[in-house]
Each structure stands twice: as structure tokens, then as C-alpha cells.
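> Take this structure, written in C-alpha cells, and hold onto it; I'll ask about it next.
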Amino acid sequence: MSMATTMGYTTADREFLLAAGQTCTDCAGAIDDDNLEAWPDYFSEDCLYRVETREGRANGWQIGLMHCEGRGMLRDRVLAIRHGNVFDPHTYRHVLSMPRFAPAAPGSDGTEIASARRVLTSFNVTRVMQTGETTLFAVGTYDDVFVEAEGRLLIRSRTVVLDSRNLDTLLVIPL
């Protein structure tokens, strides 16, 4: 018996979760540090990024708060934030849980992606305005599908599931 287990996880599972957690932490850090240009690099070229509410997911609503297909759309989003959008300057600070495995989700064609693994990570995001006003902005779960590509672990699909449908301002910066 070569694989040690803890709570049903093999050593390989724990190593995968550690790598997934590091990717989530680094991705959130890019946002928190206002290094938004690095944020798309944590996603695969054919990625999907959505923000939706728990209520919307439970009811099967097709329209979310944000929807981007492909790394190019994520880069366009960053360009719009830097050069097109007008909003009160603010920053985010993420607090993340340890990631955990979830049942596999089917790919866009309905079949499971063989090399992909689905991971859930809870988060809190605090928003800090330029005035210093600090508020709890969002609470929810990252529902991520990770793939190994380009020699590293990348997010192929991220659905940001917000626990509340109440956001007190426009969602400009990605969560």
C-alpha cells in the first residue's frame, strides 16, 4: 500500500488540492494587489468565468451578473476596467477557505472532461473604498474546474456563486 489516505483522500488528492488552493490564492492575490493584468493568466485559453447568485443557480436561471468566455474576454474585461469604466476607486481583499473536491461537472458537450477536477472554495471579499470605508462586499463559493495545461494547473471554468443577490454597487472588478 503506497498511498496514504486522510478522510478518503490519497496523497495525490491532497497534492492536487494544495496546488488548486495555491492557484486560487494567487488568482485572488492578483485582484487584491491590483495586478489585474495577471488575473487572466490563471485561466485556460478556453475558460468560462461566470458570476451568479445561489438563488439563480437553484432556479436554473441562465443569466448571471457577469459572463466571460475565453481568456481573451477576461483580458478585455481588464482593459475595460483600466480604460473604459467609470467607478469609485476601490480595492478588494479576499479571504479563502481550503478547497474541497466536488462531484465532477459535465463539459459543455455534456460529457465529463477526463483530466478535469472540480473544486469548491468558500470566500469572503472585503471592499475598501479610497475614502477608507471598508465593507463586507461578497460572500460565496468558487465552483472551479481545474485542468493541467500549459505545464501548470489552470482554471478551465469558474462560477462565482454569491450567497446573496444584494450587491450594493456595480460589480466592476472581478471576484
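The values are calculated or read from the model by the stated rules, or taken from the named source; none is laboratory data. Fair warning: this is a prediction, and the values are worked out from it, not measured in the lab. Counting neighbours? That spans all protein chains shown, and the Cβs are built from the backbone with ideal geometry, glycine included. Side chains included, ligands, DNA and RNA excluded: accessible areas come from the protein's heavy atoms. Shrake-Rupley method; radii C 1.70, N 1.55, O 1.52, S 1.80 Å.
> Taking R0 as 25 Å, what FRET efficiency do you get between Asp26 and Ala58 from their Cβ-Cβ distance, rounded to the nearest 0.05?
Working: r = 30 Å, r/R0 = 1.22.
FRET efficiency, Asp26 to Ala58: 0.25.
> Next up: Roughly how much of Arg117 is accessible, in Å² to the nearest 10, using a 1.4 Å probe?
Result for Arg117: roughly 80 Å² accessible.
> Something else: What number, rounded to the nearest 500 deg cm²/dmol, is the helix-based mean residue ellipticity at 222 nm of the chain, given -39500 (n - 2.57) per DSSP H run of at least four residues and division by all its residues? Intermediate values should be presented prior to the final figure.
Details: 3 runs with 40 residues, N = 175.
Calculated mean residue ellipticity at 222 nm is -7500 deg cm²/dmol.
> Right, another one. Over the chain, give the accessible area per residue in Å² for a 1.4 Å probe, as an integer. Write out the running numbers ahead of the final one.
Numbers: 9730 Å² over 175 residues.
Here the per-residue accessible area is 56 Å².
> Heads up, I need the accessible area for His90: 1.4 angstrom probe, whole protein in place, Å², nearest 10.
So the heavy atoms of His90 present about 30 Å² to solvent.
> First compute the accessible area of the chain with a 1.4 Å probe, then give the percent of it belonging to carbon and sulfur atoms.
Working: 5110 of 9730 Å².
Carbon and sulfur together cover 53 percent of it.
> Let me ask something additional. Suppose every K and R has +1 on its Cβ and every D and E has -1 on its Cβ; what is the size of the dipole of the chain about the Cα centre, in Debye to the nearest 20? It would help to have the intermediate numbers written out before the result.
Values: 17 positive and 24 negative charges, 62 e Å.
Taking the Cα centre of the chain as origin, the dipole is about 300 debye.
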